[in-house]
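The block underneath contains the structure these notes are about, expressed in structure tokens.
Readers should treat all values here as calculations from the given coordinates under stated rules, not as data from a laboratory. Bear in mind that the values here come from a model prediction, so they are computed numbers and not experimental data. As a convention, Cβ positions derive from the backbone with ideal geometry for all residues, glycine included, and neighbour counts pool all protein chains shown.
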Amino acid sequence: MKNNLPINLINNYQNRNTLPNKRCIHYPTCSWYSKECYNKFNFLTASLKTFIRVLFCNRLNPNIVDLPLKNKEKSLLKKKSKSVIPYLLYIQDKYPLSCLDDYIKFIYQRNFGPSHYNINKDDLINNLNQELCNSNKTTDYIERLGNGYSRYYYSTKTNIYKLVECFIQSQTNNQDNTNNFLYELNELIKLIKYRKINLNYYVSYIDMINYLNNGIRQLHHTNRYKYNYNPQYLIIKDELIKNIK
């Protein structure tokens, strides 16, 4: 669907608006959102969506992410993404020293699983065995992430070979979950805004925008999280957990 004139005008605006302090406070930027609308929809629909987006582009809007989707598709995404809320509140209760990166990591894992890992099987086995040499954990523990994934906390009693095999089988590419991941970030920032999660809202907002503008990616646990909780786990598909024992 061609709307060449508004698309060209937006391209000119984007080429001129290169100052970092003029970046949009939402993701994607209003100009990118508008251009995608004119690529996807007819002129009137795209113009209406652009007007509404610009109207709500302010700090009073609790959402960071707003994608140029059909209304029905957007509504379904918003409804589905709310399933992450009890999991995030669980993280807040069990790991109260978590930072924003730790929450983003959790949401990433429940949407993409371990697909980001790129490590040789034998190297992973050796790494896990070395970790367990200095470990006093004797009980395995499973922590549900939702969306069909869990964190499997291994111990000295774990069959490492079976664990790694299940981990490798869990490494499927779930890029179709990108939109769900983004809308679950909305739920996270709203929980922070309404003080359900004890993080500074303004700092978290800026940090999340910076994260999104630098590309969706897996993050490492923060040093504070590692120091206090010593996370030793692998991401496993729920359906494969029974094969470890």
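List of remarks:
- Subset tally (residues that are within 18 Å of LYS245 (Cβ to Cβ) and part of a helix (DSSP H, G or I)) for region 128-143: 2
- Residues in region 149-197 that are in a helix (DSSP H, G or I), in contact with a Ser or Thr (Cβ under 8 Å, 6 or more places away or on another chain), polar (S, T, N, Q) and farther than 12 Å from TYR108 by Cα: ASN186 alone.
- Residue satisfying condition, being in contact with a strand residue (DSSP E or B) (Cβ under 9 Å, 6 or more places away or on another chain) and closer than 25 Å to SER83 by Cα, within set TYR149, TYR202, TYR154: TYR149
- Among residues of region 198-212, those that are surrounded by 14 or more Cβ atoms within 10 Å (Cβ to Cβ), among the aliphatic types (A, V, I, L, M) and part of a helix (DSSP H, G or I), counted: 3
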